[in-house]
Amino acid sequence: MRFTDVFIQRPVLSVVLSAFILIAGLASLGKITLREFPELERSIISVTTVYPGANSRTIQGFVTTPLQVNIAGARGVEYITSSSNPGVSSIQVHVRLGENTSNVLTEVIAKVNEARDELPDDVQDPVISTTGSGDAMMYLAFVSEQMTPFQVTDYLLRSVQPELATIEGVGKAGIFGRYLAMRIWLDPVRMAALNVTSNDVNAAIRRDNVISTAGATEGEWIRVTVDAVTGMRTAKEFQSLVVRQDEDRQVRLGDVAEVELAAENNQSRQFTSGRDTVFMSITTAPDANPLSVSAAVHDILPAIEANLPADMELIMDWDSSVAIDDALQEVSNTLLEAGIIVILVIFLFLGSFRVVLIPLVAIPLSLIGVVFIMLSMGFSLNLLTLLAMVIAIGLVVDDAIVVVENVHRHIEDGATPMQAAIDGAREVALPVIAMTLTLAAVYAPIAFIGGLTGALFSEFALTLAGAVLVSGVVALTLSPMMASRFLQGHEEQGRFADMLDNFFHRMNRGYQGMLTHCLNNRGAVLMFTAGILLSLPALFLVSQRELAPEEDTSSLYVVGSAPSYANLDYVNVFLDQVVDIWKEIPEIQGSWQVAEPDSNFGGLNMTSWKERTRTQQEVQQELQSKLGNIAGMELFSFGNPPLPGSDSGLPLSFVVASTAPYDEVERVGEELLNAARQSGMFIFVSQSLDFNRPEISVDIDRELASRLGISMQDIANTLAVMLGEAEVNRFTREGRSYKVIPQAGRDFRLTQSELEKYYLRTTGGDLVPLSSVISLQTRVEPNTLSQYQQLNSTTIQGMMMPPNTLGDGLSFLELQLAEIAPRGFRVGYTGASRRYVQESATFPILFGMSLLLIFLVLAAQFNSFRDPLVVLVAVPLSIFGAMLPMAMGLMTLNIYTQIGLLTLIGLIAKHGILIVEFANHLVLEGADRRSAVLEAATLRLRPILMTTFATVLGVLPLVLAAGPGANARFGIGLTITAGMLIGTLFTLFVLPVFYLPFRNEAKTENTAGEAVPQNS
C-alpha cells in the first residue's frame, strides 16, 4: 500500500491535515456540554387522585382501577404500579427507556380524560405530573424561629417557588411544608346543644362564601367592572357566619366551632439535623442536565437569600451535583495520569525522546479530534465519555507505536530514516487499518442493542471508536512523516536506546526458544487451551452479578416504615432516635427528614471521601445495624442509584403479583420473607404489604334510618365533614386562594366512641345521635392496596449482605417463590432489579454480535474465513484472564465489567492481526508455515509488549481510583488489565500454534498481481 508515501514526501500536507483535526476539536470543546451521564429519556408519570374520606377499597374499586385500565392502553408505557390508600389513589406510569416523554404524557392525559366519567362525582380531578426517574436533585431547607411552618410555606409559595420553577431544566420545584387553610374545628357537643348539624355548617359555608363574577357597567363611553364581595377573607368573618336561624335567634359558626388560619394538614413535619424546617425540592426535567440545573440554582440563591425575612435561614441540605462534580474531577485527573504513564512506558520501550515524541503527538490529536466527532453526533462530555478517553490513551498510541517501531527496525537494519519510513509505513498500513476497524467494530453493536446498555454506553463506545479512528488517520499520515524526520540512524541513537535494543534482542531470542518449544509440543498447548475454554462457563457461574457497583457519593438515604395505625406524633418519637444515632457516627455531618405517617424519608450528609478513613459502605453498615435496634419502625439506609434509568429506592425490589386476594398475597410474601431472612444473604429485607391498618366498619340500620327520614347521603356527608378533612370551597387572601376545611376538633376524633357525639337531623327537625342508626366494628386491613400491572401485589425489598450481590438475591427469591407460591402467582421487578434482569439478558447477545462483526471485518481484510479464526483464538483466553478476578470476588460481573470484556475483544485481536499479517507476508516470500509464524511473532514481540503495557499501565489509574465513581472505574480497569496481561501471554504462545493447522500453502493472484495465500 503506497498512499502513505504521499504524506512522507509532502510533510506540509501531513501537518495541515493534523492541524485541521486539532482546530476542529478545539472549536468543539467550547460548545460541547458537560453532564454526569449521557442524556437519557427516562421518566415516571404520576397520576394522583384525591377522594377525601374514602377508604382504600373504595379508592381501588372506583378510582384506581378505571384509571389503570385506560392508561394501560397508552403507547410507550413499560409497566404500571399503583397504590390505593385512604383518601388518595397513586398510579406510577413508568415510561419505556428512550421513549419521548411528551408524547407518552399526552397519551396518558387523554386516557385519564376518557376515564373521568367513570369516577365518582366527588372525586377531585386527577393531577398528572412527570419527573425523571430517581429522587430530587436538591433539597433546600428554610428555617425560621419566629414564623410558623405554614407561614414559611406561604412565603415560599409566593416568593421563592416562582423563581426556582422557571429555571431551565427544573421539572418541579416542590414544597414540603404545611399550606395555609381556613380550619374550622367543629364541636359536636355544642352543635347538638344549638341544634346544628354538620350538613348545616357545610350548607352555610357554600351559601355565604362564594366567588362573585358580577361583570361590569357600561355607559356610552365608560366601562366599569363590578366587584361584589360575596366571599369571606378572615377568620373573624367566618366566625360571624350564620349557620342556623330560628326566628330571632341566630347561631353563628363561632358558636359551634373554633376558626383559625392554620395548616391544611397537620400530618407532616420536616427536619434539618433535628430542627423544624420547610423544604423545597428541586427535581430535574427528564431530559435536563443536572450540572446545568445545579449551576443555575446556585446562581439564583444569593438573590433569594438577600430577600428572605430577617430571621429566616436558607440551608443547602442535599445537592447530588456535588458528587457529580467530584466524579468528573476524578476522571479528569485520571485522564492526565494515564497520559503521563503511557508516555513513560513508550520511553522505557524505545529509549529516545525523539522517538517518544511521535506517539506522544497522537494522544492530544486523537483525544481532542474525537471531541469534534462527539459534538457532531450530539454527545456530551460525561463520566462515560471521559472514561472512554482514559482507556483510549493506551489505544491511540498503539497504531503510532506499530508504525514507529517498524520504521525503527528498518533503521536498525541499515536503512536511512526516509527510506525506513517509506518501507515501514507500507508494511504496517494494512495491519493498522485492520486494527483500527476491528476495535471500532467491537462497539458498533452497542449503538443498536437498545436498553440501558445501549442508551448509556453508545456514547462511550462511539467515543472510544472515534478516538481510535482518529489515531489511525494520524498513524498513517503524521507518524510516518515525523519518523522520517525525527528518527536517527542506528549509530546516532543514545546509549540508553542501544541498551534497550540489546535487551530486546536477547528477549527475542529467549522468546523464540520458548515459542519453538510450544510449536514442538502442539498437542500439549491445544489440550491446555481446551482446558481453559472449558473452564469459562464455570467462571461465569461462580462470578457474582449486579447491575452496577454502589458508589461513594458521601450521602445516604434513610427510609422509614411505620405501622399503619401510627400518627405523626408516633413517627416523630422514633425519628428523633435516628438523629441521636447519626450524631454518634463521626463521618456523618447532618441530616434532613420528611416525616409523614405513611411516608418517611430523608438523607444523611457525610464528610468528603478525602477526609474519611472508612468508605460509605462501611459507614452504612454501622448505621443500619444501629437503625435495626429502633423498635416501632422499620428503618433502612441505602446509597444513591449508581446509574440513571433506575428508579430510586432499595436495590432489591422483587414483586410478587397475583389475582388472588390480598390476604393470600400477603401470606405468600411472608413465607418468602421468612426464607430470605433465614438464608443470611440479606442485611435486611421486608415486604411492602402488611395487614396492620385498623379500620372501623360502619354498619347502618337502613330500616330505622328510613323511618327517621335520614338518608344514606346524610350519614355519608356527616362522616365526611366530621372526619374527612375535605375542602368545602375556597377563600381569597392577598391574591391567592386557600381551602376552607371543616372538621371535628381533634378531641372529638380520638376514639371510635366519639362518633356517638355526632348528630343527624330527622324529617321532623329533631336531632338524633349517629349511634342510633349505626353500629361499629373494628377490623384489620392491608396497609396499602398495591398493584403491579393491575395485579394485586407485594414487593420484597432489601439490601444484600456482602459478599452476596443483587443477582444472588434475585435468583434465591425466584427459586423460593417457585416452591412456595400456588399456581397463578407471577414474578415482577422494579427499580434497579428490573434494570439488572433486562441488562443481564442483553450482554450475551451484545458479545456475540461484536465477535461476529469483527470476524466479518477481518474476513474482508484478509480475504479469508480462516485467518480471522486464528486472530480471534486468543479472545476467549483473554476473557478467562478477566474472569479470574471476578471468580475470586475482587469485583462483580456488572454493566461496567461487561463493557470491559467487550473491549478486550478488540484489544487482543489487534495483537493477533500483527502476527498473522506478517506471517502471511513471509509465506508469500516462500517461507514455510512454521518458520513464518515463528519469525513474525518474534518480530512483533516488542510492539505487542509495548502496546500491552501502554494499555495496562494506562488504565492503572482506574484500578487505583478513589472517590465517587471509583468502583465502576476499578471494575472496568481491572477487567482490561487482567484480560490484557493473560490474553497477551496466550497470543504470544497459543496463537502461533493455532496458525499452523489453519494455514494452506496454495497460492492465488490478487488484484495487484501479487501472490497471496488461498485460505477460503
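Laboratory data are not the source of any read-out in this text; all were calculated from the coordinates shown. This one's a predicted model, so the numbers in the text were calculated from it and none came from an experiment. Glycine also receives a Cβ, built like all others from the backbone with ideal geometry; neighbour counts cover every protein chain displayed.
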Checklist outcome for this item: Here the range 759-896 gives, from Cα atoms, an Rg and Dmax in Å of 29.8, 103
Checklist outcome for this item: Helix 806-820 sits off the longest principal axis of the Cα atoms of the chain, rounded to the nearest 10 on a 0 to 90 degree scale, by 60
Checklist entry - How large is Rg/Rh for the range 9-51, to two decimals, with Cα atoms and a Kirkwood Rh? => result 1.53
Checklist entry - If only Cα atoms are counted, what is the Rg of the range 390-459, and what is its Dmax, in Å? => result 17.2, 56
Checklist entry - Magnitude of the Cβ-charge dipole of the chain, K/R +1 and D/E -1, about the Cα centre, nearest 20 debye? => result 2560
Next on the checklist: As I understand it, the value is the acute angle between the Cα axis of helix 895-924 and the longest principal axis of the Cα atoms of the chain; what does it come to in degrees, rounded to 10?
Outcome noted: 20
Checklist outcome for this item: The Kirkwood hydrodynamic radius of the range 692-759, taken as the inverse of the mean 1/r over all distinct Cα pairs, in Å, comes to 14.3
Next on the checklist: If I model the range 177-309 as equal point scatterers sitting on the Cα atoms and use the Debye formula, what is log10 I(q)/I(0) at q = 0.09, 0.17, 0.18, 0.22 Å⁻¹?
Outcome noted: -0.57, -0.97, -1.02, -1.29
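Let me check against my output: what whole-number percent is the relative contact order of the chain, with C-alpha pairs under 8 Å and at least 6 apart? If you can, show how the numbers build up before the last one.
On the way: 1925 pairs, mean separation 168.3, N = 1016.
After rounding, I find 17 percent.
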Checklist entry - Against the longest principal axis of the chain, how steep is helix 290-306, in degrees 0 to 90 to the nearest 10, with axes from Cα atoms? => result 50
Item to check | Cα pair distances of the range 10-149 binned at 5 Å [whole percent] | outcome: 2, 9, 14, 14, 11, 10, 8, 7, 6, 5, 4, 4, 3, 2, 2, 1, 0, 0
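What number, in nm² with one decimal, is the all-direction average of the projected area of the convex hull of the alpha-carbon atoms of the range 559-651? Before the final figure, lay out the partial values.
Values: hull surface 25.7 nm².
About 6.4 nm², averaged over all directions.
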Checklist outcome for this item: Listing S697, S268, S564 by rising number of other beta-carbon atoms within 10 angstrom, fewest first, gives S697, S268, S564
Checklist entry - Among P188, M138, Q544, which residue has its Cα positioned farthest towards the positive end of the charge dipole of the chain, with +1 placed on the Cβ of Lys and Arg, -1 on the Cβ of Asp and Glu, and the dipole taken about the Cα centre? => result Q544
Item to check | P(r), alpha carbons of the range 432-549 - 10 Å bins starting at zero, rounded % | outcome: 10, 16, 24, 28, 19, 3
Checklist entry - Where nothing but the Cβ of Lys and Arg (+1) and of Asp and Glu (-1) is charged, how large is the charge dipole of the range 141-246 around its Cα centre, in debye to the nearest 20? => result 320
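List the pairs from K172/K583; K583/K610; K236/K739 whose alpha-carbon separation is above 26 Å, in the order I gave them. Could the numbers behind the result be given before it?
On the way: K172/K583 32 Å; K583/K610 20 Å; K236/K739 16 Å.
In this structure, K172/K583 exceed 26 Å between Cα atoms.
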Checklist outcome for this item: Stokes-Einstein, Kirkwood over Cα pairs, the range 777-826, 25 °C, 0.890 mPa s; D in µm²/s equals 181
Checklist entry - Along its principal axes, what span do the Cα atoms of the range 70-124 show, with the longest given first and each in whole Å? => result 37, 21, 15
Next on the checklist: Report D for the range 581-706 in µm² per second (integer): Stokes-Einstein, Kirkwood Rh on Cα pairs, 4 °C, 1.567 mPa s.
Outcome noted: 71
Item to check | Dipole of the range 895-963 [Lys/Arg +1, Asp/Glu -1 at C-beta], most positive-end residue of H911, L953, V923 | outcome: L953
Checklist entry - Distance in nm between label sites at T659 and L856, each 7 Å beyond Cα in the beta-carbon direction? => result 4.5
Next on the checklist: Could you give the length gained by full extension between E734 and T516, i.e. 0.36 nm per residue of separation minus their alpha carbon distance, to one decimal place?
Outcome noted: 69.1 nm
Checklist entry - Over the range 97-229, what lengths in whole Å, largest first, do the semi-axes of the equivalent ellipsoid take, defined as the square roots of 5 times the eigenvalues of the alpha-carbon gyration tensor? => result 36, 27, 24
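Largest first and in whole Å, what are the equivalent-ellipsoid semi-axes of the chain based on the Cα gyration tensor, each being the root of 5 times an eigenvalue? Write out the running numbers ahead of the final one.
On the way: eigenvalues 1019, 184, 115 Å².
Semi-axes (√(5λ), whole Å): 71, 30, 24.
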Item to check | Simple Cβ-charge dipole of the range 666-766, Lys/Arg +1 and Asp/Glu -1, about Cα centre, in debye nearest 20 | outcome: 460
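Subtracting the Cα-Cα distance from 0.36 nm times the residue separation, let me have the gained length for R190 to D580 in nm, one decimal. Intermediate values should be presented prior to the final figure.
Working: separation 390, 0.36 × 390 = 140.40 nm, distance 4.45 nm.
Between R190 and D580, full extension yields an extra 136.0 nm.
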Next on the checklist: Can you tell me the mean projection area, over all orientations, of the convex hull of the range 719-835's alpha carbons? Units nm², please.
Outcome noted: 15.9
Checklist entry - If all Cα-Cα distances of the range 490-648 are sorted into 5 Å bins from 0 onward, what percent lands in each bin, rounded to whole numbers? => result 1, 7, 11, 11, 9, 8, 6, 5, 5, 6, 7, 6, 5, 5, 4, 2, 1, 0, 0
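In the range 84-168, what is the volume of the convex hull around the alpha carbon atoms, normalised per residue and reported in Å³? Kindly include the intermediate steps, with their values, before the conclusion.
Working: hull volume 15.1 nm³, N = 85.
Taking the convex hull of the Cα positions in the range 84-168, it is 178 Å³ per residue.
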Checklist entry - If you stretched the chain out fully between D125 and D299, how much longer would it get, using 0.36 nm times the residue separation minus the C-alpha to C-alpha distance? => result 59.0 nm
Item to check | Positive-pole candidate from T334, N209, I300, dipole of the range 197-337, charges at beta carbon | outcome: N209
Item to check | Counting all C-alpha pairs of the range 345-442, share separated by more than 21 Å (%) | outcome: 42
Item to check | Order of R730, R249 under a 10 Å beta carbon neighbour criterion, fewest first | outcome: R249, R730
